[in-house]
Amino acid sequence: GDTFYLDALEVEGKSFNVSSNKDWTAEVSNMAWATVSPLSGGKDRSATITVVPKTANDEEVREGTISFNYGAAAPKVVKVVHKKFEPQLTLSVAELTASSTGKLANPTFKVTSNAAWTATSSQPWAKVDKTSGEAGETEVTLSLEANVEGKDRSAVVAFKNKGLTVELTV
């Protein structure tokens with residue numbers, strides 16, 4: 001009946017408590033992707049069961065079970081789910097427009113990501129001051145060289161994390 005969830009990037013381990021009025025043993029099924037301990041406990045003692053994934057999960061949802069056996073009663077089964085990583089990446093702006101001198105009214109914007117990210121520009125005249133960052137919120141500033149050609153031009157700055165791409169049009 002019970003389900004225990006692990007976040008996709010969880011690799012440090014997560015725990016839950018087991019209490020029983022009888023000695024018990026645990027049997028792990030379909031969980032080659034994690035270690036579980038302890039697998040037994042004593043009567044009238046509480047135990048902390050720790051599930052440690054071997055790797056972060058950016059593939060498919062992983063599932064398994066831990067069956068707790070205690071005496072003649074039917075085992076208590078806990079379903080363990082290691083969630084799949086779902087990349088999230090947002091920019092506080094989607095488009096920036098500059099004058100021909102390369103001046104931007106607001107050249108600074110925020111990148112919010114749940115994983116490490118990278119940024120690349122499609123044009124050498126459009127540059128960001130940070131081409132990579134960690135999970136969280138990062139302030140990034142865009143700088144442009146003056147447009148001496150006398151005609152409109154555009155660039156795309158692509159921000160990527162774990163397969164997700166968000167583009168800023170300049």
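The values are calculated or read from the model by the stated rules, or taken from the named source; none is laboratory data. Remember, predicted model here, so these are calculated numbers, not experimental data. Ideal geometry is used to build each Cβ from the backbone, glycine not excepted, and the neighbour counts take in all protein chains shown. Only protein heavy atoms, including side chains, enter the accessible area calculation; ligands, DNA and RNA are left aside. Shrake-Rupley method; radii C 1.70, N 1.55, O 1.52, S 1.80 Å.
One residue is enough: does region 150-160 have a residue meeting the conditions closer than 30 Å to Asn57 by Cβ, touching a residue at least 60 places away in the same chain (Cβ under 8 Å) and open to solvent by 50 Å² or more (accessible area, probe 1.4 Å)?
Checked against the condition, which is being closer than 30 Å to Asn57 by Cβ, touching a residue at least 60 places away in the same chain (Cβ under 8 Å) and open to solvent by 50 Å² or more (accessible area, probe 1.4 Å), region 150-160 yields at least one hit.
Output the residues belonging to region 3-43 that are open to solvent by 70 Å² or more (accessible area, probe 1.4 Å) and either assigned to a loop (DSSP other than H, G, I, E, B) or of a type in the set (Lys, Arg) (or both).
Of everything in region 3-43, those that are open to solvent by 70 Å² or more (accessible area, probe 1.4 Å) and either assigned to a loop (DSSP other than H, G, I, E, B) or of a type in the set (Lys, Arg) (or both) turn out to be Asp7, Leu9, Glu12, Lys14, Asn21, Lys22, Asp23, Asn30, Ala32, Leu39, Lys43.
Which of the residues that make up region 37-47 are within 15 Å of Pro75 (Cβ to Cβ) and either in contact with a Leu (Cβ under 7 Å, 6 or more places away or on another chain) or of a type outside the set (S, T, N, Q) (or both)? Don't jump to the end; show me each part of the working.
First, the residues of region 37-47 that are within 15 Å of Pro75 (Cβ to Cβ): 39-41.
Correct list: Leu39, Gly41.
From the list Ala126, Ala105, which one is surrounded by 12 or more Cβ atoms within 10 Å (Cβ to Cβ) and not β-branched (Val, Ile, Thr)?
Ala126
In region 117-135, how many residues are in contact (Cβ under 8 Å) with a residue 24 or more places away in the chain and out of contact with any strand residue (DSSP E or B) (no Cβ under 7 Å at 6 or more places or on another chain)?
Keep residues of region 117-135 that are in contact (Cβ under 8 Å) with a residue 24 or more places away in the chain, which gives 117-123, 125-126, 128.
So of that shortlist, the ones also out of contact with any strand residue (DSSP E or B) (no Cβ under 7 Å at 6 or more places or on another chain) come out as 123.
Number satisfying all stated conditions: 1.
Under 6 Å between Cβ atoms, which residue pairs at least 6 apart in sequence (or on different chains) link something in region 18-47 that is more than 20 Å from Glu60 (Cβ to Cβ) and in contact (Cβ under 8 Å) with a residue 40 or more places away in the chain with a partner that is aromatic (Phe, Trp, Tyr) and assigned to a strand (DSSP E or B)?
That search, which allows pairs on different chains as well, returns Trp24/Phe68; Ala26/Phe68.
If you scan region 124-148, which residues turn out to be under 15 Å from Thr97 (Cβ atoms) and among the hydroxyl-bearing types (Ser, Thr, Tyr)?
Ser143
When you check Glu63 against the structure, is it outside any strand (DSSP E or B) and open to solvent by 80 Å² or more (accessible area, probe 1.4 Å), yes or no?
no
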